[in-house]
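Below is a structure I'd like to ask you about.
The values are calculated or read from the model by the stated rules, or taken from the named source; none is laboratory data. Keep in mind it's a predicted model, so treat the numbers as computed, not measured. Cβ atoms come from the backbone with ideal geometry, glycine included; neighbour counts cover every protein chain shown. SASA here: full protein model, heavy atoms, side chains in, ligands and nucleic acids out. Shrake-Rupley method; radii C 1.70, N 1.55, O 1.52, S 1.80 Å.
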Amino acid sequence: MFVPCGDSVPDLTGFTLLMPAVSVGNVGQLAIDLIISTLNMPKIGYFYTDCLIPMVGNNPYATAEENSTELSTNTEVYSSPSRKLVALQLRSIFIKHKSKSFCEKLLSWVKSSCFAAVIVLSSSHSYHRNDLQLRSSSKDIQMAVLLKFVSEGDNIPDALGLVEYLNEWLQIIKPHSDDPTASSLRWKIPSSWRLLFGNGFPPALF
């Protein structure tokens, strides 16, 4: 399922895999966007699968005209070797009845890549708060789920909050201030977020 961008499959042994769960407000995907953009993580491959709705678009992390015409697909993999991090970004939903097949293929890739751990970034409706415990992986994979309770709407603040919680744990980036009360870190907003809510209404409508 994994197709490398180069001539050979990269060695990801001991890396930590960050990935989103498709959930409320797309908070997990937005958080992964922030991490990829901030660390300027290069794309190392993509998934070729019939389990997700196909899509193609412009480079969501374009920084200049030169790389703005690069194409992105529904499932791409990015890496930061110096931090031993891999980020998997999902940009479309499952095709009906194919979620189980995708999960099996994903688990197979995770095991063959010898990741040290998997961290899933997710969200849930704020009115679902309860004490139910998440049960993970019977496949001998070290996994943690970082979940934020949110409501639908502008979920950019939720994504920023989620990556800051993750950063407290993994120290992906350092605070730009020595002040321990400083709340904002230098997360780089992807260029694609300018179109996050679409364009305004055409004046001709009125």
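Scan the stretch 3-30 and report the pairs whose first residue is hydroxyl-bearing (Ser, Thr, Tyr) and whose second residue is open to solvent by 20 Å² or more (accessible area, probe 1.4 Å), with Cβ atoms within less than 7 Å and a gap of 6+ or a chain change.
Hits for this filter: Thr13/Cys114; Thr16/Lys84; Thr16/Phe115; Thr16/Ala116; Thr16/Ala117; Ser23/Ser124.
Inside the stretch 13-34, can you point out the residues that are under 21 Å from Cys51 (Cβ atoms) and outside any helix (DSSP H, G or I)?
Within the stretch 13-34, Leu17, Leu18, Met19, Pro20, Ala21, Val22, Ser23 meet the criteria.
Sort out which residues of the stretch 139-172 are assigned to a loop (DSSP other than H, G, I, E, B) and either surrounded by fewer than 17 Cβ atoms within 10 Å (Cβ to Cβ) or of a type in the set (Gly, Ala, Ser) (or both), and write them in order of number.
Lys139, Asp140, Ile141, Gln142, Ser151, Glu152, Gly153, Asp154, Gln171
Right, here's the next one. I need the full set of residues from the stretch 64-119 which are in a strand (DSSP E or B) and open to solvent by 60 Å² or more (accessible area, probe 1.4 Å), in order please. Steps first, please.
We begin by selecting, within the stretch 64-119, every residue in a strand (DSSP E or B); these are 71-73, 75-80, 85-90, 94, 117-119.
Residues satisfying the conditions are Leu71, Phe94.
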